[in-house]
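Down below is the structure, laid out as structure tokens.
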Amino acid sequence: MSELKDGHWLTQAVETEPKRVVYSEETIARRVLEIADEITNFYPPDEGLLVLGLLKGSFIFLSDLVRAINRPLHVDFIVASSYGAGTTTSGNVKLLYDPMAPIEGRHVLLVEDIVDSGNTINRLAEALGHRRPASLEICALLHKHLATDLSLVPRWVGFDAPPEFLVGYGLDHAEDFRHLPFVASL
Ligand code: PRP
């Protein structure tokens, strides 16, 4: 077990450990407030907004973000997975849980932790688009800008991320490191 930063001890008995803090807790907090402000001002105040968190990776980002958005909204979740225990996408995005909330006629904001290959966004944009939302936008904390064929470009991006495997603030490696309050590279 080793200490990465400021007394944050990492998971015991993991072969791979984060090496470098890429976005600190403070940097992320500042950016989340900026994005939340933009989202607050973007949607008509009297029209329904459904914030859809893509689990598991977005759970910390989503909870910080919605608390900083200053307008009525509903929260639901969607679960998809493609990485399993590896560091590269399988390309096969499985929809494991569908939102209970109705989509048709509502503004839907899909919250992602990271856009990497873009497979997840493309799969979900297709699935959600068929349900005729009033609008469909994506807010991603991190965007690697590697995907060349995104069917829906994220309207809000926290950070243009380096092409490294990133963990923390919800992002995992084989389920480790999601709890770190900052983003680090392996
Ligand atoms: C990761 C991440 C994104 C997606 C991005 O999810 O959380 O949702 O992959 O990758 P892509 O752009 O290449 O599709 P993962 O499948 O690891 O599930 P998780 O959210 O439960 O960690």
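Things worth noting here:
- Only residues that are among the aliphatic types (A, V, I, L, M), at pLDDT 95 or above and more than 13 Å from ASP149 (Cβ to Cβ) were counted across segment 106-133, and they come to 5.
- Taken residue by residue, segment 144-164 has at least one member that is under 16 Å from the mean Cα position of the chain (by Cα) and at positive phi.
For every residue, the table says whether it meets (1) within 30 Å of GLY48 (Cβ to Cβ); (2) touching a Pro at 6+ places or on another chain (Cβ under 7 Å).
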{"site": "ILE138", "(1), (2)": "yes, yes"}
{"site": "LEU150", "(1), (2)": "yes, no"}
{"site": "PRO154", "(1), (2)": "yes, no"}
{"site": "VAL157", "(1), (2)": "yes, no"}
{"site": "GLY170", "(1), (2)": "yes, no"}
{"site": "VAL183", "(1), (2)": "no, no"}
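- Just so you know, in segment 28-79 the residues that are among the hydroxyl-bearing types (Ser, Thr, Tyr) and in contact (Cβ under 8 Å) with a residue 12 or more places away in the chain include one that is farthest from LEU141 (Cα to Cα), and it is TYR43.
- Residue count, segment 107-122 (criterion: open to solvent by 40 Å² or more (accessible area, probe 1.4 Å) and more than 8 Å from the ligand (Cβ to nearest atom)): 0
- ASP98 within 16 Å of the ligand (Cβ to nearest atom), surrounded by fewer than 16 Cβ atoms within 10 Å (Cβ to Cβ) and more than 24 Å from PRO181 (Cβ to Cβ): yes
- Segment 143-165 - residue that is within 10 Å of the ligand (Cβ to nearest atom) and out of contact with any helix residue (DSSP H, G or I) (no Cβ under 9 Å at 6 or more places or on another chain) and, of those, modelled with the lowest pLDDT: LEU146
- Matching residues in segment 32-56 - criterion: being under 25 Å from THR120 (Cβ atoms) and either open to solvent by 30 Å² or more (accessible area, probe 1.4 Å) or within 16 Å of the ligand (Cβ to nearest atom) (or both): GLU34, GLU38, PHE42, GLY48, VAL51, LEU52, GLY53, LEU54, LEU55, LYS56
- Residues in segment 87-134 that are touching a residue at least 60 places away in the same chain (Cβ under 8 Å) and part of a strand (DSSP E or B): HIS107, LEU109, VAL111.
The values are calculated or read from the model by the stated rules, or taken from the named source; none is laboratory data. The model shown is predicted, which means the values in this text are computed figures rather than measured ones. Positions of Cβ are generated from backbone atoms using ideal geometry, with glycine treated the same way; all protein chains shown enter the neighbour counts. The accessibility values were calculated without ligands, DNA or RNA, using every heavy atom of the protein model including side chains. Shrake-Rupley method; radii C 1.70, N 1.55, O 1.52, S 1.80 Å.
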